[in-house]
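One structure is given here, and the rest of the page talks about it.
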Amino acid sequence: MKATEKTVNDVMLWLNQNYGLSLPVLPLKGWAKTVVALWQKLVNGAPEPGPLPQSIEIEGEWQPLAGSRFTVTHIRIEIRDSDKTGSKPLVHKRKA
């Protein structure tokens with residue numbers, strides 16, 4: 001793999017580091033092989049610290065059900081500001 005090529009896993013790592021999330025990352029032990037295959041797929045670019053929203057396309061097709069003829073195409077990771085999506089971030093408060 002070229003140094004400039006990024007995978008879905010790289011995007012998940014970036015999101016964890018830049019937004020304090022706990023998204024799953026490889027090796028994903030115990031996860032379905034199809035999910036691991038998705039995390040290994042190449043993306044068309046890396047997220048940037050710039051303004052949101054951002055859209056990152058996952059290259060190729062993905063077969064979520066092993067052995068089936070069902071494939072998913074045009075997969076993308078959308079990064080949006082939670083204020084604009086209406087979702088509320090989960091905040092854990094520590095007890096003293």
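The values are calculated or read from the model by the stated rules, or taken from the named source; none is laboratory data. In this text the structure is predicted, and so the values were computed from the model without any measurement. Glycine gets a Cβ as well: all are built from the backbone with ideal geometry, and neighbour counts include every protein chain shown. Heads up: the accessible areas ignore ligands, DNA and RNA and are worked out on the full protein's heavy atoms, side chains in. Shrake-Rupley method; radii C 1.70, N 1.55, O 1.52, S 1.80 Å.
Starting from region 64-79, keep only residues that are under 25 Å from residue 16 (Cα atoms), then list their pairs with residues that are modelled with pLDDT of 95 or more and of a type in the set (Lys, Arg) whose Cβ atoms are within a distance under 9 Å, requiring at least 6 positions of separation or different chains.
Listed pairs, sorted by first residue: 75/41.
Quick one: in region 40-63, which of the residues that are open to solvent by less than 30 Å² (accessible area, probe 1.4 Å) and in contact with a helix residue (DSSP H, G or I) (Cβ under 8 Å, 6 or more places away or on another chain) is farthest from residue 18 (Cα to Cα)?
58
Could you check residue 58 against (1) under 14 Å from the mean Cα position of the chain (by Cα); (2) among the hydrophobic types (A, V, I, L, M, F, W, C); (3) modelled with pLDDT under 95 and say which number it fails?
For residue 58, the failing item is (3).
Restricting region 67-96 to residues that are part of a loop (DSSP other than H, G, I, E, B) and within 21 Å of residue 8 (Cα to Cα), which is modelled with the lowest pLDDT? Steps first, answer last, please.
Let us first name the residues in region 67-96 that are part of a loop (DSSP other than H, G, I, E, B), namely 67-71, 73-74, 80-81, 86-96.
When the remaining residues are screened for being within 21 Å of residue 8 (Cα to Cα), the result is 70-71, 73-74, 80-81.
Values: 70: 92, 71: 94, 73: 93, 74: 94, 80: 88, 81: 82.
Per the stated criteria, the residue is 81.
Which one of these does residue 48 not meet: (1) of a type in the set (D, E, K, R); (2) in contact (Cβ under 8 Å) with a residue 12 or more places away in the chain; (3) under 18 Å from residue 78 (Cβ atoms)?
Unmet condition: (2).
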